[in-house]
């Protein structure tokens, strides 16, 4: 895994992912960016507000705030992020990285 621009430890279920030998696994480039975006969204607290708020206007405002936060990441193509609610409390994010293609993942407040 020597090739790549961005590296991070792989996190699964809020814990460092270990290989069979007990060594932390790493992720790179697009996967690293997606993981960073997930953690940034979690740290804002807006996802919890989205799930807990029934006011459609407030919900849309928080989606816009999250979208802007993602678009402000220098590794993301500005204006490429979109977040849609797919079911109650579950959202889907799609964005284009500047160098590594699209990222997409599900967001859930646990």
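One table, with the values for the structure above:
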read-out	value
Angle between the chain longest axis and helix 56-71 axis [Cα atoms, degrees, rounded to 10]	30
Extension gain from residue 90 to residue 68, taking 0.36 nm per residue of separation minus the Cα-Cα distance	6.0 nm
Cα long-axis angle, helix 29-44 against the chain (0 to 90 degrees, to the nearest 10)	40
Helical mean residue ellipticity (222 nm; -39500 (n - 2.57) per DSSP H run of 4+; nearest 500) of the chain	-11000 deg cm²/dmol
Taking N as its residue count, the alpha carbon Rg of the chain over 2.2 N^0.38 Å	1.14
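Where a number appears in this text, it was derived from the coordinates with a stated rule and is not lab data. Everything numeric here is computed off the predicted structure, so don't read it as measured data.
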